[in-house]
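Please treat every number below as a calculation from the coordinates, not as lab data. Owing to the predicted nature of the structure, the values given are computational and were not obtained by experimental measurement. Using ideal geometry, Cβ is built from the backbone for each residue, glycine included, and neighbour counts are taken over all protein chains shown.
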Amino acid sequence: MDVFFRLCVDEAGEKLKGRAYFAVTDSVIDFTDLAMLIVQIDKICDETGFPQSFQEKRNFGTGPLKDSNRYKGIPFDKGSRDELAQKEGKVATFDVVLRSRRNTSWQGTVYQSLHKKIGDFECELDFLQIINNELVKLPC
């Protein structure tokens, strides 16, 4: 079981803006930059418990962290992937399969919305480079 989300890019310039839709939650992430997107996706993975992080997060604040890294079972998709397939970005649309979070990084695959594989990634930086490389290819 993998976490599937659709990345809809609405603006591509100095900063990317858009939305991310997930099969395992009703939440929609509106992002104004990719750094914020990565933090929010990690948060959703922690909340659903899948893919489970391989390391506990450190806490430098007050109080203990909640049991966000505990195994919670494989979550069921709340919506159908067909519903997600109807979501489109104004500039580009990507389907992302997040397979694991080993070594505090993401591993998965990025597809174009037409199910054409673009590439595999072994960390968040690879993910960002794949998205950026595809956006650079688009006509202005």
Ranked list, fewest to most other Cβ atoms within 10 Å of each Cβ, for Val28, Val96, Val91, Val136: Val136, Val28, Val91, Val96
Ranked list, fewest to most other Cβ atoms within 10 Å of each Cβ, for Asp46, Asp33, Asp126, Asp26: Asp26, Asp33, Asp126, Asp46
Inter-site label distance for Leu138 and Leu125 at 7 Å from Cα along Cβ, in nm: 2.5 nm
Chain lengthening between Ser27 and Asp82 when straightened (0.36 nm per residue, less Cα-Cα): 18.1 nm
Too-long pairs where the Cα-Cα distance tops 20 Å, listed order kept, from Lys87/Lys117; Lys17/Lys137; Lys87/Lys116; Lys17/Lys117; Lys17/Lys87: Lys17/Lys117
Cα→Cβ-extended label distance, 7 Å offset, between Lys117 and Asp10, nm: 3.2 nm
Inter-centroid distance (Cα atoms) of region 97-140 relative to region 5-33, Å: 14 Å
